[in-house]
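Novice: This is the structure I have questions about; it appears just below.
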């Protein structure tokens, strides 16, 4: 493991109890933090003038099924506009209780990114204003980017969704009913 | 008198704009709440083009991912190729040859020109200035022909390889580019006269979809949208990759962060990109276009068919994939719409353990409802147009 | 030549239809339209008399009636809109708050 | 009696034929013109028996066939009757308006003077406005009968826009009425044959230049073409009021728009560019102000006049096409602002100034 | 029967039919369209009575502006809702209307028959010039009052329909 960069050393001093691990690989500084009081940790990242990671680049997650415990890692990429430095923050999340704090109070951009992580990994974000699926449809079963989700699993598209105010005429309604029967198990 | 006045049915109207609507290209849906023509609320629904990019990548070898990246931002596919290849190279810890670096820069900038022309032209034509849009498409076609000469394909180019590019630039490339740029510049000055001082166009664009610098940063916007608010952030300058630090170019900035500034920033970036290509063509050194590492790069066809070592090498790379050391990296390039980042996790096998793309226009779309709230229905067109949402990248 | 009383009778019939509309309809907008119909019936009478007497006064009166009708329609429709905003109905039977 | 009726019918048929054909040709010109402007080839696929050489003729035939053979779709929850009625309401005013536009001076055949105008009514211009005001119904009813929110938005936009611009249009014509002192279009055109200072034709464009600009802007708005094509605004509200129209009914809307364009071009030519007047051409031939005459037979004069009028109409139609392919589209509130805050005050000012100048010139008679 | 009388009867019959449609159509949009047609027919009747100016104004103002306003409001409010019929009211109303018609007929039969086009009128009767002469000479004051009335109506409509902010 390479020598810690000044930022990582400062972080270790500043947030000693919250940090599980730090490392730098290929020049990417990574810091693993506890998921308790996550929001406050990130507030420090953002507001501490020595860190000034004011730009949330990305939120994603990785499923280490059978490789690591806890199973999930939520990965945040931060960027400091004034200092021109990147930081990767990882938060381990156990399978039994896949919940982390939402960063929407700090960065508005976290909204959709967290929705996507929920959609793909089934990790809930506490305090998220509108945690719906974003890329898939509401009726989708499961979370496809989990490693235990089969690649070839075929899920039917939703044949009909009653939306208030939309009009379905008799012919297309019959068509949809037939489709529904066809798609139903045993049909 | 009844003092209670609730939301009355004549006051608001729910309108579902898209997914099949002329303006919602890339397939997207806006659930609008309208008062007359004023947008009170806008819920953006994406995902109609979701095709499981990340899941597919986990099934493919590192090299086989490259064609998938073509289909991310299909208006600038080479940049996606380059970004992915650079990320994998970072993970392996190798650097390509100087000539290849220049070629990658040239092709990326051509793709950026292509992307910006598409965005500006389509927005103009959606605002009714169809002719200006067609002029830009004509310029785009010239760039497209160059890309076609180099890569053999117009859209799904798959030109870049890990450790290099598919093959060298063709004969007469510099002349072709010079000829094309001459016409592109002329067409752009035509468009400038048709649009930039056109009062109607100004009225439709200026002040529309404006967001402040702080909001842009809070949403994590990048690219022309961020730069239009005056924030000087361009990955090519902030963290120069390839040979961008050897080339002289400027980052155009806006001030107000509205649609017009975005348009101007994009148009000015076109000129900068052309400058980069011209400089790179002057500076490009001779030499190989791929690194000489049999564990990464496929051997030449003569060796595959002519020697057993070559055949085995070929087989190993194709069947097992390139062996990438375990670890994780994040690498960002400046895509057409902003910071295009690849976060790769490797478990040491021939296939990626996790591929995550940071899609700039997905993040830009998350700021869309803030840009459009309180504005008119018709303002959706320029605002959405200047975000340049590409379904393949947004939905992956 | 068309006799004058043909016109007058037609005007009377139109007026009566307008009255019927005002009486039987339960929709304020249609009631307002029926009133317009009655105004038109009267206009027809004026024009017919103007022609019959060979004087312009009748036509001038029609001009003024049109002005008044325009004003009346504008105000009436504005009232209808604000009533609808408050009560969600166009039925005059429902607007009985001032009735004892 | 019979002869007169026949003459009127012949004139009406001729005008209808010309307008409809011109509208059809405009459909082709629009496509080819836009292609010319945009460095494209344009419509080139309409071939009859494998012969595509006569693009215009083939397109003229192929277009209606294509439209008429398409499914005529009526939205299931729409209003069948009104849905069918609306295209007729859109086409009707555009066609009948041309009745009062003169396309030539009098033609003398066998001692009978034929006024080259379908109907010469003494309230000519008001008739035009009355008919123009009816063309709103096509949009509004079509939009309502479609039972589609995009249609409704288009209908509301269209109605608001057309009513607003009618006012500006009416007021801008007021100056012309004051200058020439008549409502009859044939009278107006005849007055434009006079010469100012002995050499300049007294065309509306020289007497009322501001009004010409206002009228042209309002006319484009009335025809619902870019930059005023908000009721259709295809990128915003799909196709506006005719979203739910297909086949023959769409063709009627389409023809209606082009017929309106021809009518507007005819009106601009008539009111501001001397209608059928050719400079210095009197009933017996050219009388040049610098001396010299060139006498022509009566038929040649009439043909020249009709030709001049047609040329002017075609020119303004082409101008509309140019405009359409050059400018972007306004936004709804910008259109309203332009109409009420720019065109209307300017038109009022124009009327005022015209009045003052006329009174001053008459010297307090 | 001469041509003008025939024309009159055709127009009269049509206008009665359409005005009945105004009253008896349940859909307000249909009513409004029927009223437009009625107004148009009445305008043509005006033309037969040598009042071309007023006839054109009728189309311009009534059919072209006022009725569009009506349609606008109908569309903005509730295009769907059809009202309930009440048999009693319908019966009473129709009877009242019929009685009114009979009253008119009775009243009209008393006056001596004369042709509508009786008085000799000069060239341009009912044209713009004559109307303008009357309006701006004999009726200047009412004309100005009418303009004030329209102004008041505009202000009133704006105030009434404005949303309380």
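Novice: I'm trying to understand the selection: among the residues of segment C:3-14, which are at the interface with chain E (Cβ under 7 Å from one of its Cβ atoms) and either surrounded by 23 or more Cβ atoms within 10 Å (Cβ to Cβ) or part of a helix (DSSP H, G or I) (or both)?
Specialist: Listed by number, the residues that qualify are C:4, C:5, C:6, C:7, C:8, C:9, C:10, C:12, C:13, C:14.
Novice: Specify which of the listed residues (D:176, D:167, D:139) is in a helix (DSSP H, G or I), farther than 23 Å from residue D:250 by Cα, modelled with pLDDT of 85 or more and within 11 Å of another protein chain (Cβ to nearest Cβ).
Specialist: Details: D:176 fails: within 11 Å of another protein chain (Cβ to nearest Cβ); D:139 fails: farther than 23 Å from residue D:250 by Cα.
None of the other options fit; the residue is D:167.
Novice: Is it the case that segment C:65-72 has a residue that's within 16 Å of residue C:8 (Cβ to Cβ), surrounded by fewer than 21 Cβ atoms within 10 Å (Cβ to Cβ) and either more than 7 Å from every other protein chain (Cβ to nearest Cβ) or modelled with pLDDT under 85 (or both)?
Specialist: The answer is no; no qualifying residue exists.
Novice: Let me ask something else. Can you name the number of the only condition in (1) over 30 Å from residue C:82 (Cα atoms); (2) surrounded by 16 or more Cβ atoms within 10 Å (Cβ to Cβ) that residue B:67 fails?
Specialist: (2)
Novice: Can you tell me which residues in segment D:185-221 are in contact (Cβ under 8 Å) with a residue 40 or more places away in the chain, closer than 19 Å to residue D:354 by Cβ and not in a helix (DSSP H, G or I)?
Specialist: Passing the criteria: D:192, D:201, D:203, D:208.
Novice: Look at residue D:68 and say whether it is under 21 Å from residue E:67 (Cβ atoms) and at pLDDT 75 or above.
Specialist: Against the criterion (under 21 Å from residue E:67 (Cβ atoms) and at pLDDT 75 or above), residue D:68 does not qualify.
Novice: OK, next. Here is a list: A:92, A:144, A:129. Which entry is more than 9 Å from every other protein chain (Cβ to nearest Cβ) and in a loop (DSSP other than H, G, I, E, B)?
Specialist: Of A:92, A:144, A:129, the one residue that is more than 9 Å from every other protein chain (Cβ to nearest Cβ) and in a loop (DSSP other than H, G, I, E, B) is A:129.
Novice: Now for a different question. Looking at residue C:47 and the list (1) facing another protein chain (nearest Cβ under 7 Å); (2) surrounded by fewer than 24 Cβ atoms within 10 Å (Cβ to Cβ), which single condition is not satisfied?
Specialist: Unmet for residue C:47, out of (1) facing another protein chain (nearest Cβ under 7 Å); (2) surrounded by fewer than 24 Cβ atoms within 10 Å (Cβ to Cβ): (2).
Novice: I've got another one for you. Mind telling me which of the residues E:120, E:153, E:132 ends up being within 9 Å of chain C (Cβ to nearest Cβ) and at pLDDT 80 or above?
Specialist: Details: E:120 fails: at pLDDT 80 or above; E:132 fails: within 9 Å of chain C (Cβ to nearest Cβ).
After applying the criteria, what remains is E:153.
Novice: Out of B:26, B:83, which single residue is under 19 Å from the mean Cα position of the chain (by Cα), within 14 Å of chain A (Cβ to nearest Cβ), surrounded by 18 or more Cβ atoms within 10 Å (Cβ to Cβ) and not in a loop (DSSP other than H, G, I, E, B)? Step through it out loud before you land on a result.
Specialist: Numbers: B:26 fails: not in a loop (DSSP other than H, G, I, E, B).
Residue meeting the stated conditions: B:83.
Novice: So, residue D:181, is that one surrounded by fewer than 24 Cβ atoms within 10 Å (Cβ to Cβ), within 12 Å of chain E (Cβ to nearest Cβ) and over 30 Å from residue D:238 (Cβ atoms) or not?
Specialist: It is true that residue D:181 is surrounded by fewer than 24 Cβ atoms within 10 Å (Cβ to Cβ), within 12 Å of chain E (Cβ to nearest Cβ) and over 30 Å from residue D:238 (Cβ atoms).
Novice: Shifting gears a bit: Checking the condition closer than 24 Å to residue D:323 by Cα and at pLDDT 85 or above, which residue from D:233, D:256, D:274 passes? If you could, list the steps in order and put the result at the bottom.
Specialist: On the way: D:233 fails: at pLDDT 85 or above; D:274 fails: at pLDDT 85 or above.
Only one candidate passes the filter, namely D:256.
Novice: Go through (1) buried (at least 22 other Cβ atoms within 10 Å of the Cβ); (2) in contact (Cβ under 8 Å) with a residue 40 or more places away in the chain; (3) over 30 Å from residue B:93 (Cβ atoms) and name the single condition residue B:162 misses.
Specialist: Status for residue B:162: all satisfied but (3).
Novice: Is it the case, given these coordinates, that residue D:315 is modelled with pLDDT of 85 or more and either more than 27 Å from the chain's Cα centre (by Cα) or surrounded by fewer than 15 Cβ atoms within 10 Å (Cβ to Cβ) (or both)?
Specialist: yes
Novice: Next up: Could we say that residue B:253 is farther than 20 Å from residue A:56 by Cβ and assigned to a loop (DSSP other than H, G, I, E, B) here? If you could, list the steps in order and put the result at the bottom.
Specialist: Numbers: farther than 20 Å from residue A:56 by Cβ: yes; assigned to a loop (DSSP other than H, G, I, E, B): yes.
Taking the combined requirement at face value, the residue satisfies it.
Novice: Take the conditions crowded, with 21+ Cβ neighbours inside 10 Å, under 28 Å from the mean Cα position of the chain (by Cα) and more than 26 Å from residue B:147 (Cα to Cα) and apply them to residue B:270. Does it pass?
Specialist: On the way: crowded, with 21+ Cβ neighbours inside 10 Å: yes; under 28 Å from the mean Cα position of the chain (by Cα): yes; more than 26 Å from residue B:147 (Cα to Cα): no.
No, not satisfied.
Novice: Collect the residues in segment D:101-112 that are over 16 Å from residue D:12 (Cβ atoms) and either modelled with pLDDT of 75 or more or within 14 Å of chain E (Cβ to nearest Cβ) (or both), keeping them in residue-number order.
Specialist: Selection gives D:105, D:106, D:108, D:109, D:112.
Novice: Considering only segment D:119-131, how many residues are surrounded by 23 or more Cβ atoms within 10 Å (Cβ to Cβ) and either without any contact (Cβ under 8 Å) to a residue 40 or more places away in the chain or more than 8 Å from chain E (Cβ to nearest Cβ) (or both)?
Specialist: 6
Novice: If you don't mind, there's one more thing I want to ask. Answer yes or no: is there a residue in segment B:192-211 that is under 30 Å from residue A:77 (Cα atoms), within 12 Å of another protein chain (Cβ to nearest Cβ) and in contact (Cβ under 8 Å) with a residue 12 or more places away in the chain.
Specialist: Yes: one or more hits.
Novice: What pairs come out if I take residues in segment D:72-86 that are within 14 Å of chain A (Cβ to nearest Cβ) and outside any helix (DSSP H, G or I) and pair them with residues that are surrounded by fewer than 18 Cβ atoms within 10 Å (Cβ to Cβ) and at pLDDT 80 or above whose C-beta lies under 6 Å away, six or more apart or interchain?
Specialist: D:73/D:246; D:74/D:80
Novice: Also, I was wondering about something else. From the list D:291, D:364, D:355, pick out the single residue that is in a helix (DSSP H, G or I), farther than 24 Å from residue D:262 by Cα and modelled with pLDDT under 90.
Specialist: Testing whether each residue is in a helix (DSSP H, G or I), farther than 24 Å from residue D:262 by Cα and modelled with pLDDT under 90 leaves just D:355.
Novice: Now for a different question. So which of E:44, E:66 ends up being more than 7 Å from every other protein chain (Cβ to nearest Cβ), at pLDDT 70 or above, surrounded by 16 or more Cβ atoms within 10 Å (Cβ to Cβ) and closer than 27 Å to residue C:17 by Cβ? Break it down into steps so the answer makes sense when it comes.
Specialist: Working: E:66 fails: more than 7 Å from every other protein chain (Cβ to nearest Cβ).
None of the others qualify; the one that does is E:44.
Novice: Which fully enclosed helices (runs of 4 or more DSSP H) of segment B:293-396 have 3 or more residues being touching a strand residue (DSSP E or B) at 6+ places or on another chain (Cβ under 7 Å) and either within 30 Å of residue A:55 (Cα to Cα) or within 13 Å of another protein chain (Cβ to nearest Cβ) (or both)?
Specialist: Correct list: B:368-372.
Novice: Would you check which residues across segment E:1-30 are surrounded by fewer than 24 Cβ atoms within 10 Å (Cβ to Cβ) and facing another protein chain (nearest Cβ under 7 Å) and list them?
Specialist: Within segment E:1-30, E:4, E:5, E:8, E:12, E:16, E:20, E:29 meet the criteria.
The values are calculated or read from the model by the stated rules, or taken from the named source; none is laboratory data. Everything numeric here is computed off the predicted structure, so don't read it as measured data. Every residue, glycine as well, gets a Cβ built from its backbone with ideal geometry; the counts of neighbours run over all protein chains shown.
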